[in-house]
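S.K.: Pasting in a structure now, in structure tokens, and then I'll have a few things to ask.
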Amino acid sequence: MSSSSSARIVESADVSSEATIGDGSSVWHLAQVRENAVLGENCVIGRGAYIGTGVQLGDNCKVQNYALVYEPAVLADGVFIGPAVVLTNDTYPRAVNPDGTLKSAHDWEPVGVTIRTGASVGARAVCVAPVTIGAWSTIAAGAVVTKDVPDFALMAGVPARRIGWVGRAGQRLVADGEIWRCPATGAEYVEAEGALREMSENA
């Protein structure tokens, strides 16, 4: 395992010797981090969480208790994964082949979930790979995501659908004429063709 002296890995965690753990990161009780997984700086892996082989986490990510992040998921900086979230990796899951033989690693091809900067996935939500979760979006607790999610989208339901927009602070944006405004920061956004952009990006 490649880890810095400032990383904290508790004794009951199962961290592969081939994983890379960044400065300031913590891996808590009973968590498992598999071979070739890479955690950036200041990540937190909660109790009982699973980080699959080769999964990539950016800096400042939080993976809460008992979340399952299966390979080949890629999480950008500042991603939040709530308790008991599942990021899947098999489009056509089967334990056996059509002839009844047990499937091996060579009998299927993993597909991953990609989560962009600052996005949050609420407790017990399921993201069905392959999907991309847009930057700063929020997936509500218990949602099932089956399609790509736009930046800043607020998604809820089974299957998940967009029910609003959120800003970088995570709060639901309020419509003000043609502008969307964050009640927490005052930041302004504009919507066009099903996408949301920060006003500063359009300046």
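S.K.: Being within 20 Å of Thr53 (Cβ to Cβ) and either modelled with pLDDT of 90 or more or surrounded by 12 or more Cβ atoms within 10 Å (Cβ to Cβ) (or both) is the filter here, so list the residues in the range 1-18 that pass it.
M.R.: Answer for the range 1-18, where residues must be within 20 Å of Thr53 (Cβ to Cβ) and either modelled with pLDDT of 90 or more or surrounded by 12 or more Cβ atoms within 10 Å (Cβ to Cβ) (or both): Met1, Ser3, Ala7, Ile9, Ala13, Asp14, Val15, Ser16, Ser17, Glu18.
S.K.: Any idea how many residues of the range 49-59 are crowded, with 19+ Cβ neighbours inside 10 Å, assigned to a loop (DSSP other than H, G, I, E, B) and over 12 Å from the mean Cα position of the chain (by Cα)?
M.R.: The qualifying residues number 2.
S.K.: Might you let me know whether the range 89-99 holds any residue that is of a type outside the set (Phe, Trp, Tyr), free of Cβ contacts under 8 Å to residues at least 60 places away in the same chain, buried (at least 17 other Cβ atoms within 10 Å of the Cβ) and within 26 Å of Gly142 (Cβ to Cβ)? Quick ask: steps written out before the conclusion?
M.R.: Step one: list which residues in the range 89-99 are of a type outside the set (Phe, Trp, Tyr), which gives 89-91, 93-99.
This time we only want the ones that are free of Cβ contacts under 8 Å to residues at least 60 places away in the same chain, so: 89-91, 93-99.
Next, from what is left, pick out any that are buried (at least 17 other Cβ atoms within 10 Å of the Cβ): 89.
Of the ones still in play, those that are also within 26 Å of Gly142 (Cβ to Cβ) are 89.
Yes: the range 89-99 contains one or more residues that are of a type outside the set (Phe, Trp, Tyr), free of Cβ contacts under 8 Å to residues at least 60 places away in the same chain, buried (at least 17 other Cβ atoms within 10 Å of the Cβ) and within 26 Å of Gly142 (Cβ to Cβ).
S.K.: List every residue pair whose Cβ atoms lie under 6 Å apart, where the two residues are 6 or more positions apart in sequence or sit on different chains, the first residue falls within the range 119-130 and is closer than 19 Å to Cys61 by Cβ and touching a residue at least 12 places away in the same chain (Cβ under 8 Å), and the second residue, located anywhere, is in a loop (DSSP other than H, G, I, E, B) and among the polar types (S, T, N, Q).
M.R.: Ala119/Ser137; Ala129/Thr88; Ala129/Asn89
S.K.: It is to be established whether one or more residues within the range 185-197 are out of contact with any strand residue (DSSP E or B) (no Cβ under 8 Å at 6 or more places or on another chain) and among the acidic types (Asp, Glu).
M.R.: The answer is yes; a qualifying residue exists.
S.K.: In the set Val174, Val144, which member is without any contact (Cβ under 8 Å) to a residue 24 or more places away in the chain, touching a Lys or Arg at 6+ places or on another chain (Cβ under 6 Å), surrounded by fewer than 18 Cβ atoms within 10 Å (Cβ to Cβ) and among the aliphatic types (A, V, I, L, M)?
M.R.: Val174
S.K.: Trp180 is checked against (1) more than 26 Å from Gly82 (Cα to Cα); (2) in a loop (DSSP other than H, G, I, E, B) and fails just one. What number does that condition carry?
M.R.: (2)
S.K.: Separate question: Step by step: first the residues of the range 100-113, then only those that are out of contact with any strand residue (DSSP E or B) (no Cβ under 7 Å at 6 or more places or on another chain) and either among the small types (Gly, Ala, Ser) or surrounded by 12 or more Cβ atoms within 10 Å (Cβ to Cβ) (or both), then the one that is farthest from Ala129 (Cα to Cα). Which residue is that? Explain how you work it out, then say what you get.
M.R.: First pass over the range 100-113, keeping only residues out of contact with any strand residue (DSSP E or B) (no Cβ under 7 Å at 6 or more places or on another chain): 100-101, 104-111.
With either among the small types (Gly, Ala, Ser) or surrounded by 12 or more Cβ atoms within 10 Å (Cβ to Cβ) (or both) added as a condition, the list becomes 100, 104-105, 108, 110-111.
Details: Gly100: 25, Ser104: 19, Ala105: 17, Trp108: 14, Pro110: 9, Val111: 6 Å.
The extreme case among them is Gly100.
S.K.: Among the residues of the range 4-36, which ones are part of a loop (DSSP other than H, G, I, E, B) and closer than 18 Å to Gly78 by Cβ?
M.R.: Gly22, Asp23, Gly24, Ser25, listed by residue number.
S.K.: Examine the range 53-69 for a residue that is at pLDDT below 95 and under 22 Å from Gly134 (Cβ atoms), and state whether such a residue exists.
M.R.: Checked the range 53-69: no residue is at pLDDT below 95 and under 22 Å from Gly134 (Cβ atoms).
The values are calculated or read from the model by the stated rules, or taken from the named source; none is laboratory data. If you're wondering where the values come from, they're calculated on a predicted model, not measured in any experiment. FYI the Cβ positions are ideal-geometry reconstructions off the backbone, even for glycines, and counts take in every protein chain you see.
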